[in-house]
Each structure stands twice: as C-alpha cells, then as structure tokens.
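Encoded as structure tokens, the structure appears first; notes follow it.
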Amino acid sequence: MEKTFVERMHTSLMNLKKEIVSNLIANNENFKEIVEGMDPKDLADIASDDIDRKMIEAIGSQELKRLKLIDSALTRIQQGKYGLCVKCGKRIPQDRLEAIPYALMCIECKTKEERRNR
C-alpha cells in the first residue's frame, strides 16, 4: 500500500478519534445534566428521562466501538498490516478504506460474516 495513502488514512483516523472523544465528553456532560436535573416527576416525565439516558448510553456505546476499531487500525498501521483483511489477508480496496478507514475486512469477508450473523 502506498505510503502517502497510509499517512493520509492515519491522519483521517486520528481526526475521527479526536471527534469521537469530543462527542463522548459532550454526551457524558449531557448525561450528567439529565441525571442531576431529575426532580420527582410524574411517570411520563421519568420515562422520558429514562429514554434520554438510554439514547445517550447507546450513542456512547456505538462511539466506543468505533473508537476501538480506530485504535485497532492505528495499531495495524504501526505494524505494517493496515489495509489487509484480518480474515483472508487480501488487500482491502482503497475506496473501502477511504469510506471506512477502520475497516477490518475486505468486502467479501464482511459480506460472509454479515450473512452468518443473520
């Protein structure tokens, strides 16, 4: 894989990581505000607050998964394995990596995995 492409993907991954960390911090502050702002309320308000909390937690959970994938991609860059499918070892197309810089698998292996998980 071209060195300039890998460097560009490294920069992209680092920017994504910074963005996710900022979002998690912001969401965590929002979560704290919701919890601290809770007063004794009627059941509808409590249910609404519970839904808000769960939404923030779900967003945080998804972002944490992406963060782990990004860290994994950064590690693969350091090891010289970035852009190789973790299942079959084939090169992941650059177009796919540009769309999903933390992709672990080529399209074929990812498709097979998704079919198995249905």
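The values are calculated or read from the model by the stated rules, or taken from the named source; none is laboratory data. Please read all numbers here as calculations on a predicted model, not as lab measurements. All Cβ positions, glycine included, derive from the backbone under ideal geometry; neighbour counts span all protein chains shown.
Condition check ((1) modelled with pLDDT of 95 or more; (2) within 29 Å of THR4 (Cβ to Cβ)) across all residues:
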position: SER48; (1), (2): no, no
position: ILE51; (1), (2): no, no
position: LEU67; (1), (2): no, yes
position: PRO101; (1), (2): yes, yes
position: MET105; (1), (2): yes, yes
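Of the conditions (1) aliphatic (A, V, I, L, M); (2) outside any loop (DSSP other than H, G, I, E, B); (3) at pLDDT 85 or above; (4) within 15 Å of the chain's Cα centre (by Cα), ILE77 satisfies every one except a single condition; which number is it?
(4)
Going by the structure shown, is VAL21 over 24 Å from ILE92 (Cα atoms), aliphatic (A, V, I, L, M) and either in a loop (DSSP other than H, G, I, E, B) or modelled with pLDDT under 70 (or both)? If you could, list the steps in order and put the result at the bottom.
Numbers: over 24 Å from ILE92 (Cα atoms): yes; aliphatic (A, V, I, L, M): yes; either in a loop (DSSP other than H, G, I, E, B) or modelled with pLDDT under 70 (or both): no.
When the stated conditions are applied, VAL21 does not pass them.
Which residues, taken from the stretch 75-118, are among the acidic types (Asp, Glu) and farther than 16 Å from ARG8 by Cβ? Can you show your working first?
Keep residues of the stretch 75-118 that are among the acidic types (Asp, Glu), which gives 95, 98, 108, 113-114.
Of everything in the stretch 75-118, those that are among the acidic types (Asp, Glu) and farther than 16 Å from ARG8 by Cβ turn out to be GLU108, GLU113, GLU114.
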